[in-house]
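See below for the structure under consideration.
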Amino acid sequence: MFIEPDFRGEKRGWIEVICGSMFSGKTEELIRRLKRVKIANLSVEIFKPAIDVRYDNTRIVSHDTNAIQSIPVPCSADILAKIGDVDVVGIDEAQFFDEGITDVCITLANRGVRVIVAGLDMDFQGKPFGQMPQLLAIADYITKLHAICVKCGNIAHISYRTVATGGQVLLGEKDKYEARCRVCALEPVQPAP
């Protein structure tokens, strides 16, 4: 359970990273934290990569259909260009951002902003995904979430791709991915009939 730090009235920034596989609840947790920020009447800006249009063009939407309004941006530098004086910045699907996302998060935290980032830590092959390793390295707080393996019911941490097409980035949901444990992820992908 994440406990928010108390800096006794000083405005200090920090970076929180929420990571895990698909279907582990990363976006759900990001939305939960951001809604609490709004309840506290703190100013917040929320961003997502413009390429992520799976559920909605402008809102961040979890697999459970919880949603929160966001600003889609094509690159990480646009985050700095679009924010004013805010207390909190939320960023979803960080693995899809360019390598500048790490510097953006550091810049914001150094300005006294609480930065909450969510993203896949590994791709479908179990390899570190995008800039997530760098974000995890510089994070002040890390929350790693797990899904449930659809094959055996154990803890899952791999986003298993069920289709044998596409490169590292292939947007999809349950039509293209399953949560799997380490053992069940070794099963080869079956070609389409």
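FYI, it's all coordinate maths here, none of it is from the lab. All values reported here derive from a predicted model rather than from experimental measurement. We place every Cβ from the backbone using ideal geometry, glycine too, and count neighbours over all the protein chains shown.
A count restricted to segment 90-109 and to residues that are farther than 15 Å from K26 by Cα and touching a Gly at 6+ places or on another chain (Cβ under 6 Å) stands at 1. State yes or no: is K82 under 13 Å from G20 (Cβ atoms) and either among the aromatic types (F, W, Y) or surrounded by fewer than 17 Cβ atoms within 10 Å (Cβ to Cβ) (or both)? Criteria not met by K82.
Going through (1) touching a residue at least 60 places away in the same chain (Cβ under 8 Å); (2) among the polar types (S, T, N, Q); (3) touching a helix residue (DSSP H, G or I) at 6+ places or on another chain (Cβ under 9 Å); (4) over 23 Å from D52 (Cα atoms) one by one, T107 falls short only on (1).
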